[in-house]
Amino acid sequence: MQLYNTKTRRLEHFTPQDENRVGLYTCGPTVYDYQHIGNYATYIRWDLLVRVLKESGYTVDWVMNITDVGHLTGDVDEGEDKLQKGANREGKTAWDIAEFYTKDFFRNLHDLHVQQPTHTPRATQHIPQQIKLVQALEKRGHTYIIDDGVYFDTATFPAYGELAKLKLDSLQAGARVGVNPQKRSPWDFALWKFTPKGQKRDMEWDSPWGKGFPGWHIECSAMSMEYLGSTLDIHAGGIDHLPVHHVNEIAQSEAATGVPFANYWLHSNHIMIDGAKIAKSDGNGITPHDLSKQGFSPLDLRLLFLQSHYRSSANFSRDALQAAHKRRLALQAFADLRFQLKEGAQLAANDFSDVQAAMLTELQNDLRTPEAFAALSGLVDSAETYLVAPDAKQAFDGFLAFLDRIFGLQLAGSTDITAEQKELIAKREQARGAKDFEHADTYRQELAAQNIELRDTPLGSIWQRR
RNA sequence: GGCAUCGUGGCGGAGUGGUUACGCGAAGGUCUGCAAAACCUUUUACACCGGUUCAAUUCCGGUCGAUGCCUCCA
């Protein structure tokens with residue numbers, strides 16, 4: 001398997017530390033609001049990575065964190081989110097808000113057929129581990145304390161910023177707002193923040209340095225190492241995390257352990273809407289729920305995101321989603337041919353195995369989904385024309401199972417049409433044979449009313465759902 | 001201001017130094033009882049200007065444009 005490693009900026013052959021097991025960490029959501037479709041695009045892509053790794057014979061330990069702490073103070077009232085404001089008005093706490101959005105997040109992942117990660121640790125449930133990691137850094141002389149927290153001293157970590165190829169001299173620190181002037185360097189970041197004097201936060205814990213809460217980066221290091229050890233095989237995340245979050249994760253992790261934090265770094269690019277980044281502040285933070293209300297299935301969205309490569313910045317639009325929806329229906333119609341095997345059909349077992357091999361090859365080459373789908377399209381077209389013979393049933397079923405394993409589109413999850421519907425089709429065939437086209441069309445219309453369309457082939461009628 | 005990335009046909013989206021990506025859509029046609037499907041044709045595809053080359057969308061340089069990051073952000 002080949003993966004593009006941000007660490008080296010090139011395609012590399014992937015080799016895990018253990019022969020058959022892969023330790024994968026992916027940055028999860030901060031649960032203070034609904035996740036938009038761009039967020040989910042990233043999780044769908046890492047789900048694909050896990051699926052392809054499994055298909056390649058690996059066992060995958062997948063850890064995805066839930067950031068349920070950070071900036072939720074007791075009197076949050078910023079941003080435009082009405083529910084959050086409402087929650088505050090109703091006297092809810094940061095804990096309630098985190099719980100609400102965590103549930104929403106997992107429900108959406110389920111609907112999008114993203115597999116359940118092996119572990120989904122909450123930051124609030126791993127405070128001791130985070131404190132321990134900060135203590136280790138303190139012991140090794142990588143920290144200093146100022147009035148609002150314990151900070152990581154980037155000057156003590158010469159490799160700081162290497163992953164993102166940061167040129168610290170040329171970065172414009174002055175553009176930042178709210179920089180604590182006591183920081184030794186603008187790049188230093190908080191490991192532990194103190195609760196401001198006279199304040200009481202919903203979320204705060206005791207620590208050796210005083211009451212407070214963990215910094216924004218330390219949870220990922222603490223929890224990934226807790227479950228996967230000091231060196232991860234793969235650390236994946238959104239491209240936006242590269243220059244700050246991932247750079248800081250590396251610094252604090254490697255400074256504490258002395259060993260490489262991750263062997264492979266994967267970054268997914270952003271989904272754009274109308275050529276611009278998705279941002280709630282711009283009012284384009286579309287959620288899967290918004291699309292459901294418009295009649296789209298979560299699987300339409302899943303297919304749309306799988307059609308583009310994870311490293312390119314894909315553009316979302318209604319038309320593109322509609323196109324994906326229709327493509328999915330066509331794929332479903334292809335899968336439903338398994339209920340309509342025809343004697344004399346021409347598709348043979350090796351037609352499926354050849355395409356399966358070709359698709360897997362593309363996916364193992366840095367998850368090249370566009371090429372994999374292109375390879376599939378040829379077969380779908382052939383199947384539509386030549387149909388599938390009964391003696392290819394096993395191969396066909398096996399192929400559909402393969403498609404569901406790698407793409408998660410649930411193609412083999414459909415059911416056959418009912419006996420009544422089959423009866424209608426038979427009646428229509430009879431009427432047609434007798435050149436009673438009036439009745440034949442009546443039967444066809446009856447089926448159409450049940451969202452079933454017919455097309456006639458030399459081997460008989462074929463139905464497909466709309 | 002600094003650092004990056006990218007500009008492909010109506011839309012989405014791959015890829016390549018010389019041959020149809022693929023999907024969705026539109027127009028015409030063949031076929032069909034009518035449809036559907038399929039097939040054929042059309043819808044002037046690779047931002048612009050130079051350069052290298054027998055040959056560039058594909059390499060090099062420049063121009064213009066778009067976007068991202070530098071601040072929590074998938």
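If only residues of segment A:43-72 that are modelled with pLDDT under 90 and either under 17 Å from A:T118 (Cβ atoms) or more than 10 Å from RNA strand B (Cβ to nearest atom) (or both) are counted, the one that is surrounded by the fewest Cβ atoms within 10 Å (Cβ to Cβ) is A:L72. Of the strands (runs of 3 or more DSSP E) that lie entirely inside segment A:184-256, those containing 3 or more residues that are within 16 Å of RNA strand B (Cβ to nearest atom) and under 29 Å from A:K167 (Cβ atoms) span A:189-194, A:232-238. Restricting attention to segment A:23-61, the residues being under 30 Å from A:T93 (Cα atoms) and touching a His at 6+ places or on another chain (Cβ under 9 Å) number 9.
Residues that are at pLDDT 95 or above number at least 2 in the following helices (runs of 4 or more DSSP H) confined to segment A:76-144: A:94-111, A:127-139. When A:H267, A:H289 are screened for being surrounded by fewer than 16 Cβ atoms within 10 Å (Cβ to Cβ) and under 19 Å from the mean Cα position of the chain (by Cα), only A:H289 passes. Does A:F316 meet the test of being surrounded by 15 or more Cβ atoms within 10 Å (Cβ to Cβ) and touching a residue at least 24 places away in the same chain (Cβ under 8 Å)? For A:F316, the condition - surrounded by 15 or more Cβ atoms within 10 Å (Cβ to Cβ) and touching a residue at least 24 places away in the same chain (Cβ under 8 Å) - is met. Please find, within segment A:26-42, the residue that is farthest from A:T369 (Cα to Cα) out of those that are more than 8 Å from RNA strand B (Cβ to nearest atom) and modelled with pLDDT under 90. Among those that are more than 8 Å from RNA strand B (Cβ to nearest atom) and modelled with pLDDT under 90, it is A:Y32. With the structure loaded, tell me whether A:E219 is closer than 21 Å to A:T26 by Cα and either surrounded by fewer than 21 Cβ atoms within 10 Å (Cβ to Cβ) or among the charged types (D, E, K, R) (or both) or whether it fails that test. Yes, satisfied.
Can you find a residue that is in a helix (DSSP H, G or I), away from RNA strand B (no atom under 16 Å from the Cβ), touching a residue at least 60 places away in the same chain (Cβ under 8 Å) and surrounded by 15 or more Cβ atoms within 10 Å (Cβ to Cβ) anywhere in segment A:371-391? Taking every residue of segment A:371-391 in turn, none turns out to be in a helix (DSSP H, G or I), away from RNA strand B (no atom under 16 Å from the Cβ), touching a residue at least 60 places away in the same chain (Cβ under 8 Å) and surrounded by 15 or more Cβ atoms within 10 Å (Cβ to Cβ).
Residues checked against (1) in a loop (DSSP other than H, G, I, E, B); (2) touching a Leu at 6+ places or on another chain (Cβ under 9 Å); (3) more than 24 Å from A:F402 (Cβ to Cβ):
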{"residue": "A:Y264", "(1), (2), (3)": "no, yes, yes"}
{"residue": "A:N284", "(1), (2), (3)": "yes, no, yes"}
{"residue": "A:S312", "(1), (2), (3)": "yes, no, yes"}
{"residue": "A:L321", "(1), (2), (3)": "no, yes, yes"}
{"residue": "A:A324", "(1), (2), (3)": "no, yes, no"}
{"residue": "A:L329", "(1), (2), (3)": "no, no, no"}
{"residue": "A:A345", "(1), (2), (3)": "yes, yes, no"}
{"residue": "A:A357", "(1), (2), (3)": "no, no, no"}
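Counting only residues that are farther than 28 Å from A:T6 by Cβ and part of a helix (DSSP H, G or I), segment A:145-163 holds 0 of them. Residues of segment A:403-457 being part of a helix (DSSP H, G or I), among the β-branched types (V, I, T) and farther than 30 Å from A:L360 by Cβ, which ones? Scanning segment A:403-457 gives A:I425, A:T442.
Filtered by the rule that a residue be among the polar types (S, T, N, Q) and within 11 Å of RNA strand B (Cβ to nearest atom), segment A:421-466 gives A:T442, A:Q445, A:T457, A:S461, A:Q464. Looking only at residues that are surrounded by fewer than 24 Cβ atoms within 10 Å (Cβ to Cβ) and within 15 Å of RNA strand B (Cβ to nearest atom) in segment A:8-25, which one is modelled with the highest pLDDT? Top of the filtered list is A:L11. Among the residues of segment A:158-181, is there at least one that is more than 17 Å from A:E249 (Cα to Cα) and modelled with pLDDT of 85 or more? Among the residues of segment A:158-181, not one is more than 17 Å from A:E249 (Cα to Cα) and modelled with pLDDT of 85 or more, which makes the answer no.
The values are calculated or read from the model by the stated rules, or taken from the named source; none is laboratory data. Computed from a predicted model, the values in this text were never measured in an experiment. Reconstructed Cβ throughout: ideal geometry from the backbone, glycine too, with neighbour counts over all protein chains shown.
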